[in-house]
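Taken together, the values in this text are just the output of simple stated rules run on the coordinates, not laboratory data. Treat the numbers as computed from the prediction; the structure is a model and nothing was measured. As a convention, Cβ positions derive from the backbone with ideal geometry for all residues, glycine included, and neighbour counts pool all protein chains shown.
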Amino acid sequence: MQKLFATIAVIITGAILLNAVEDFPRFGDPHSPPNSGVSGGSVSSSVHYLQNTYLDTRVPNVVTAVLADYRGYDTLFETAVILTAGIAVFAILRVVRRKDEEESTGSEEKACSGEFSTSDSDGEGRHRVVVGTACRVVVPLAQLFGFYIIAHGHPSPGGGFQGGVVLGTSFILLALAGGLGSALGRLREDMYLRLACLGVFIYAGIGLLSLFFRRNFLDYGALSGLLQTGGEEMARSHGIFGVELGVAMTVTSVMFALFANLSTRGELKGGL
Amino acid sequence: MMEWIKTTIVPHFNFWIYVVIMMLGLWAAIGKNNLIKKLIGLSIFQTAILLLYVSMGVKEGASIPIVDETMGEAAVDFMAQGGGAAGATAFPINPDLFANPLPHVLMLTAIVVGVATLGVALALCQVIFRDFGTLEEPEILNQIQTIQDDV
Amino acid sequence: MENSIQSYLPLWACLSSLAAVPLILLFRRETFLREAVTILAGIAKLCFVLAMLPIILQGSMIELTLFGGGSDGLVPIAFRVDGLGMVFALVASILWIPTSIYSIGYMRGLKEHSQTRFYVFFAVSLFATLGVAFAGNLLTLYVFYEVLSLSTWPLVTHHQDAEARRGGRSYLVHLLGTSIAFVIPAMIYVWVKSGTLDFGVQAILANTDLSYVQGLALLLAFAFGFSKGALMPLHSWLPGAMVAPTPVSALLHAVAVVKVGVFCIIRTVLNVFGMDLLGGLGIHLVLCWIAAITLVAASLIALTQDNLKRMLAFSTIGQLSYIILGIALLTEHAALGSILHIAMHAFGKITLFFCAGAIFVATGKKQISELNGLGRRMPITFAAFAIGAASVTGLPPMGGFLSKLYLVWGAAEAHQIALLCAFLISSVLNGAYFFPVVYRAFFLPEPEMDAIHADGACCVHGWREAPLLCVLPLAFTAISSILLFFFPSTFYDLASIVLHGGVANP
Amino acid sequence: MSEHLPVIVVLAPLFGAVIVGFFGTRDRHLCFPIALTALALSFVCSIGVVHHVATVGAWDYFVGGWESPHGVGIQLRADGVNSLLLLAIAVVALLALVYSIRQDGEKDAEKSPFFYVLFLLLCVGLFGITITGDAFNVYVLIEITALTSYGLVAIGSSRRSRVAAFQYLVIGTVGASFYLIGVGYLYLAVGSLNMADIRTILAANPEIANSRIIGTALVFILLGVWTKMGLFPLHGWLPNAYSYCPSGSANLMAPLVTKVSVYVMIRILFGVFGLGVITENPGWSDLVVLIAVGSIVAGSVMALTQREIKKMLCCLIVAEVGYMVGGTWLGDAGRWGLTGSMYHILADAMMTSCLFLAAGVFAKQFGATRLEHLSGLFRRSPWAAGAFTLGGLAMIGVPPMCGFFSKFYLIRGAIDSGHWLYIVALLGSSLVNAILFFRIFEIAYFGEVPESSESSEGGCPTRGRHAAWRTAPLLVAAALTLLLGIFNRPVIDLIRGTVVENIDIVSMQE
């Protein structure tokens, strides 16, 4: 019954979608409305981006500039979505033990956080010599690479999201190799939750700065008054970078938070 | 028939593919009983939309939307000389050389949203499994029917 | 000749009783202050109404628009005091004071519970009543109409027992159900048709091209939608609402609820359709016949009732139809009689209810068959009862005679002999169900008496009257009924202002 | 700073959320004051926006200062309608926040900071959706709203809440994705994401406006938002999600999320596709009105069968959504239906808020989750019962409550456009509501006070202290329900100004 209903719904939806496909522009058509605007209308925003990004922001990577500047408002909320996901997963899944319960069991060590029980009791790291050694090499490289991606989002593909994911992965790798505890020892639970919030705060805060220069929200050009270098264009470029840092912070910590919670069913101990 | 395929499917093959993939995902999201399978369907469904957007931004003969600095500086000089007003020489940045950046930006957002949704959904699955000991929807619904709620 | 004055008086008149609500709540522990507030609010209200009276008698109107402005066809909350509204407001605000005094006596005498709630909703319902009286457009009218329905529900169901629940349910189903189902669409249809809902010199629908069917449907929607008018077959809430304490019944029947119903129907006839349009379409006859049937049927049913209050309820249903029939005849004298009857019947009927309540307070008796010989114990009460009965029946020298005279005159004027007969038959029937009660009370021997009188009864000279606070109001209204026969000029003038100032052809 | 009010409305809760997340984990007592400050700021700013719109006119704000040409940056646009909705969101959110003040001492108190974070982020989403003028931005914000909602539903201690959240998640994601597909098709056809820009292009190029791409885009956007608002055939998630979640969350979500989705529909229809969509396709608009009628009928019938208070209210939401969707699609020349819908968005937000707050108070104070439990309520808790009564009366549509006036204008629109079935459904649903609520009033008014309740109240003295915090917002909500009705005129004036003059920017320029 459910399957029949699903089939009917899917067929109808598909038919409606395909019905419109005939009117679509050809695949790869450079003159389709998204690519070059409606004939007779104004130029499409995409052409505007391509032509003016460098002029406006001195950022060669148009995607980065559009993401963090022209449509920075979207991206702010995108970052907030990530934060939301992190918080929501925590709220749904995390098993919280009260302090008194913890004390009564007595077996937990409280190295990490007063309230959120975490433990690194099993010390599995010892038994994973190969993996541990490899990690020791790979993790710094991965983190370096993550920072590179964040920093190099201006002239090449990259940016806060991508770099943040790589950074997050490095912590996950640490957890995979040395147990969750070893990763949590480096990035404690209350830390990563705060870091996630801080990332969004940095993003929104940079946007808010421009309000004090009587410019609109997220108008990084206003920061030229603060930075004193390179005029508005460079200020935008720097603004974009600052924003990307915030994004990276949030992404890193939420990636790790998702992993930590999902892999331990919210217990944050034992591990895999 | 061939003619129809040539005029309708071939120039838009990417859209046909996206619709088919998306419908597969949608079917799984609605029709499957296992919650994880539903999620897989949902993910496929969301990912297919990425295909729709990204293929909108494709231009024949265009490259990635990164304006290299020499071209950019040329444009800056061009503008500095007031070239925009004169219009004698062409503007140095030819948009036809670069793919449309906007769909990529949008899809970056969509990817992120997809990941976030998936994360929350998996967390929910874990909690549901903890509570009910199963991930099969009919069984869960049965259990809900039988228990008096514990609010 | 149409001059109107902008004034906040109608608003203050409405709000004066609403303003009493917080005070009543504040003094819920100090019964004396609480009741004083109620009465003071009533006096304040009467003063505001009286302040407007001379203006109206000069032929002017008082208008007030709240949140007006904007000319794009929105309907504001507006007040407009004209002769008709004044008649009604005057009756309501005059009678509120004796009713308040009476209810103090009654509620104390019976030691009722939740008296604060009682006074609060009493005040709210008076607020809504005056709102209806002074409404300047159909929307405002409807708003206050509904407020009244709701604020009287806790009064009707005051006893909170199974019977009250039944009565309350029937009350709401009839009043709220019909107003939502019929009045709202009819009102908005009128708005669509004419672009306005304001009551003015000209009737709202005067210049629209209604067909016979549309007009009839609208008229019936209003007549049955305003089911507080208790036209058959939507009358059964009224006997059901008799579960209420007697002051409430008095208020419902004489002042607030049912009169609001007929007032709304009169407004509909005069200001929404206009006499010309109704007469031109000929649909008024349908309303006439419905009212006439109600008139006779209700009187016949009243004959069969043994419960005094139920009998009075059916009597009210009949008398309301007098008013509706009078206005629906569309002749000058019938309309005059109809408007006068609002006032005359109010004074007569409230007397009767006060008496019924007083009897109950003093003796605990509710059935007519138990009243034998009580007239000798409660001479004031039963004298007042006789006066009220005579007034409602239409005997001189009571006020009711005047209004019925005009009604019959109007029926003759309209050459509706059958309807004329309905008036007469019903009046005879009125007498037939009232006077046996008086006869029983005064002339039949008293059965063996046990000590059944309630605690609050005061015994003077072997009388066992109800508490003084009960007896005074009923004496007052009874005497007023007589006085209205001799001095009807205020109401008469107001009514003729309605007909000659408000209606197109004099 | 006053020139930045539209964006501060959105940012205030965002900063609030972040700060709560940062400091709240250390000291839980900071959460509530921070959240309250943030929402109060939003409230003040939205008053400023309403004032500006009422005195000056529609307000465009370009984020990042990217003003020209259109569609490069993201535009926020406040007009007479959405500024009022902003205000309503702020008010309802504040009330829900005050209601939820004492999470401590209950289960999962450690998670309460995260409750506040999610709560504030949900407000961000709602504010943002309401004020944005960019079609894609709506999607991002819809997803914020959705994700926080899933979290807030699942945060409850009930096992059912998790399953409800999961169902909500699957359906909600499909709905949002449909919206995304629709926006994609729009973008494909016109190459822009800015609503005003799209509207201009569509008006200038009728051949595009009539293409199948635009038609499909419309269909999918509608399917998306209908799913989100729980219109009848797509309502499956709604009753469970809102009735099994903790009442602190329900007080925020139930009044607002569906309403904001309705607003998105209105915004997209008129700001993007133009009024012509409705007036020029009478067949389709009739169909939509018919769906709306179905929603009204289905919601009312479902509500009649429920004995649980919250579930009943949830079913009523389905019916109310039908009111608004139907009113929007009436297509009468005077735009009365649209006026009614807009007003009903506000009215319904207020009265649903009132009713859910009341349901929460009943559940917390008396453990009353089913109709039978309300016996003797007027004696046990006269203030809460009185507030619930006002909310119920508004739902029935009794003047002078706000629910009446929206029906007044909706019916006006329906008579003008000849949708008789809609009128019948509207009045029928009013009568059903009357039955539903008076059934409750009767139980509460006539019923005896159960013995057990007294002892349980006496046994837990802290409840009494917190009860005031819960009852106060309820009373405010009830008062607002009444005041919005009595002072409906200024509100309607503001709405009319927008609906008649500049909801569809292009057709006004002609």
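If a spin label sat at a point 7 angstrom from the Cα of B:F129 along the line to its beta carbon, the backbone N atoms of the stretch A:230-272 nearer than 19 Å would be those of A:257-272. Projection of the Cα convex hull of chain A, averaged over all directions and equal to a quarter of that hull's surface, yields 21.9 nm².
Across chain A, C-alpha contacts under 8 Å between residues 6 or more apart give a mean separation that, scaled by the residue count, equals a relative contact order of 23 percent.
Rounded to the nearest angstrom and listed largest first, the equivalent-ellipsoid semi-axes of the stretch D:270-356 from its Cα gyration tensor are 27, 15, 8.
The trypsin sites (Lys or Arg not before Pro) of the stretch D:174-278 include none that meets both criteria, a DSSP state outside H, G, I, E and B (loop) and at most 16 other C-beta atoms within 10 angstrom of the site's C-beta. Taking every DSSP beta bridge that has both ends in the protein assembly as shown, the antiparallel portion is near 85%. Sites listed here are chymotrypsin sites (Phe, Trp or Tyr not before Pro) in the stretch D:215-274 whose DSSP assignment is loop and whose Cβ has at most 16 other Cβ atoms within 10 Å, and the list is empty. For the cross-link pairs C:K259/C:K404; D:K311/D:K364; C:K365/C:K404, the ones whose C-alpha atoms lie over 25 Å apart are C:K365/C:K404.
Treating r as the C-beta distance of C:E370 and C:A432 and R0 as 25 Å, the FRET efficiency rounds to 0.80. By other beta-carbon atoms within 10 Å, ranking A:V138, B:V120 with the fewest at the front produces A:V138, B:V120. Considering helices alone, the calculated mean residue ellipticity of chain C at 222 nm is -22000 deg cm²/dmol, with DSSP H runs of length four and up weighted by -39500 (n - 2.57) and normalised per residue. Bridgeable lysines around A:K3 (alpha carbons under 20 Å apart, same-chain partners fewer than 8 residues away excluded): B:K32, B:K37, B:K38.
Here D:K407 is the anchor, and the lysines within straight C-alpha reach of less than 19 Å, apart from those fewer than 8 places off in the same chain, are C:K193, D:K259. Restriction of the chymotrypsin sites (Phe, Trp or Tyr not before Pro) in the stretch C:388-425 to DSSP coil positions whose beta-carbon has at most 13 other beta-carbons within 10 angstrom yields no sites.
With the cut-off at 1.5 for a/c, could you classify chain B from its C-alpha gyration tensor as rounded, prolate or oblate? Oblate shape, in that a/c is at least 1.5 and b/c is the bigger or equal ratio.
What the phi angles of the stretch D:419-436 give under the Karplus curve with 6.51, -1.76 and 1.60, with θ = phi - 60°, is a coupling list of 8, 5, 4, 5, 4, 4, 4, 4, 5, x, 5, 4, 5, 4, 4, 4, 4, 4 Hz, glycine and proline written as x.
Computed from Cα positions, the angle between helix A:45-57 and the longest principal axis of chain A comes to roughly 70 degrees.
Equivalent-ellipsoid semi-axes for the protein assembly as shown (Cα gyration tensor, √(5λ), whole Å, largest first): 69, 36, 26. Remark: the stretch D:284-510 is approximated by an ellipsoid whose semi-axes, taken from the C-alpha gyration tensor as √(5λ), come to 36, 19, 12 Å, largest first.
Measuring r between the beta carbons of A:H152 and D:R26 and using R0 = 35 Å, the FRET efficiency lands at 0.50. For the stretch A:18-96 versus the stretch D:349-366, the inter-centroid distance based on Cα atoms is 41 Å. At a Förster distance of 60 Å, what's the computed FRET efficiency of C:N3 paired with D:S2, Cβ-Cβ distance as r, to 0.05? Approximately 0.80, to the nearest 0.05. Within a straight-line Cα-Cα reach of under 24 Å, A:K269 can be paired with the following lysines, leaving aside sequence neighbours fewer than 8 residues apart in one chain: A:K99, A:K110, D:K107, D:K111.
Within chain C, the selection of entire DSSP H helices by a Cα span of 24 Å or greater along the long axis and an average Kyte-Doolittle value of at least 1.6 returns C:9-26, C:31-57, C:284-304, C:417-443, C:468-486. Distances between every pair of Cα atoms in the stretch C:101-154, grouped in 5 Å steps from 0 to the bin holding the largest one, split as 5, 20, 24, 18, 14, 10, 6, 3, 1 percent. With all distinct Cα pairs included, what does the Kirkwood hydrodynamic radius of chain D come out to in Å, to one decimal, could you say? For chain D, the Kirkwood estimate is 22.7 Å. Ordering A:T133, D:T339 by the number of other Cβ atoms within 10 Å of each residue's own Cβ, fewest first, gives A:T133, D:T339. For chain A, the residue among A:M191, A:A204, A:N52 whose Cα projects farthest onto the positive side of the dipole built from Cβ charges is A:M191. Between 0 and 90 degrees, the angle of helix B:137-146 with respect to the longest Cα principal axis of chain B falls at about 40 degrees. Mean partner shielding of peptide B:51-59, defined as the number of other chain Cβ atoms within 10 Å of each residue Cβ, is 6.
Projected onto their three principal axes, the Cα atoms of chain C cover extents of 69, 54, 43 Å, largest first.
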